[in-house]
Amino acid sequence: MIIDRLIGRIRETAPIVVGLDPRLEQIPSYIKEGRTAPDAFFEFNKGIIDAVCDIVPAVKPQIAMYEQYGEKGRACYLRTIKYAQQKGLVALGDVKRGDIASTAEAYSAGHLGRLRASGKPPVRADFITVNPYLGLDSVSPYFADMQAHDKGIFVLVKTSNPGSRDIQDLILQNGKPLYEHVGGLVEKWGADFVGAEGYSAVGAVVGATHPEEAARLRKIMPHTFFLVPGYGAQGGSGKDLAGLWDGDKFGMIVNSSRGITGAYLSGEFKRDEKDFASAARDAAVEMKRDLEAFM
């Protein structure tokens, strides 16, 4: 099962996923020269993947950064996923899809399933992110492709952005915040997808910037694997995550995007742009040290 493979890779490396969210201003000038934006993004992504593929288990491309460049951008997103998988990495597609019925089924087919008009196996992420705030109808359409093609999803529960409080922290009639109710639903929805390691392929997105809320969710969701954004550039640290590990000092994978891919631009890992990949590797190693100090 894909969740067991992700956990196995984490045990071999570190609980880190590198977010591949390229922006033109972040790309070294020598890479951009003579290339379209999508081609420059791919060369940059390749450099990052090559530098970290033996020390991290996964990457997470954010599809919006690619889709804004049209068909070529979409192709770059898929090329990045394919290259990462060829390097032995698990690919998490950050797509945050949220709809119901046939539309959700189409999203599932397009990101986890198979092309309906072709027998050729398409490039697909191993996991994608989905939005549950339309209820079970917006999550269950992915289950068939998950089962058929050994894929997984991470469901938004308590996101790292400050504005998440506007909706996710609303208090229900039972006195509990909405995000806790959603967390309980995700734990329930994932019951049929629990692997050998005791975690479900239906995971949850839980932000590092809300450590107290996240610690409560860990108690509510003992079989749910967490994808944790908000580390590094958004302010989260290893100390903030201390309450999110399970009893075996496990249970989550932590995302860092700019803190790793843009490490060469400033701070302790700043260096010449041609050394962007080595700076990314050093930043990932330091992140591992920080996480392990509070496990």
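The values are calculated or read from the model by the stated rules, or taken from the named source; none is laboratory data. Nothing here was measured: the structure is a model prediction, and the numbers come from that model. Here the Cβ positions follow ideal geometry from the backbone for every residue, glycine too, while neighbour counts run over all protein chains shown. Side chains are part of the model used for accessible areas, which takes the heavy atoms of the whole protein and leaves out ligands, DNA and RNA. Shrake-Rupley method; radii C 1.70, N 1.55, O 1.52, S 1.80 Å.
Worth a mention:
- Set side by side, the residues Val186, Val157, Val202 differ, and just one is surrounded by 15 or more Cβ atoms within 10 Å (Cβ to Cβ), under 23 Å from Asp99 (Cβ atoms) and in contact with a Leu (Cβ under 7 Å, 6 or more places away or on another chain), which is Val157.
- Any hit, segment 237-255, residues being in a loop (DSSP other than H, G, I, E, B), open to solvent by less than 10 Å² (accessible area, probe 1.4 Å) and of a type outside the set (Gly, Ala, Ser): yes
- Matching residues in segment 8-31 - criterion: being without any contact (Cβ under 8 Å) to a residue 24 or more places away in the chain and open to solvent by 70 Å² or more (accessible area, probe 1.4 Å): Arg11, Glu25
- Matching entry among Ala277, Ala215, Ala283, Ala293 (being of a type outside the set (Lys, Arg), closer than 19 Å to Val186 by Cα and touching a Gly at 6+ places or on another chain (Cβ under 7 Å)): Ala215
Every residue, every condition in (1) more than 23 Å from Pro141 (Cα to Cα); (2) of a type in the set (D, E, K, R); (3) assigned to a helix (DSSP H, G or I), yes or no:
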residue	(1), (2), (3)
Pro38	yes, no, yes
Met65	yes, no, yes
Ala75	yes, no, yes
Arg79	yes, yes, yes
Leu92	no, no, no
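- Only residues that are more than 18 Å from Gly203 (Cα to Cα) and either hydroxyl-bearing (Ser, Thr, Tyr) or not in a helix (DSSP H, G or I) (or both) were counted across segment 149-184, and they come to 11.
- Test: Tyr133 is part of a loop (DSSP other than H, G, I, E, B) and under 19 Å from the mean Cα position of the chain (by Cα): yes
- Just so you know, in segment 160-183 the residues that are surrounded by fewer than 19 Cβ atoms within 10 Å (Cβ to Cβ) and of a type in the set (A, V, I, L, M) include one that is nearest to Leu136 (Cα to Cα), and it is Leu178.
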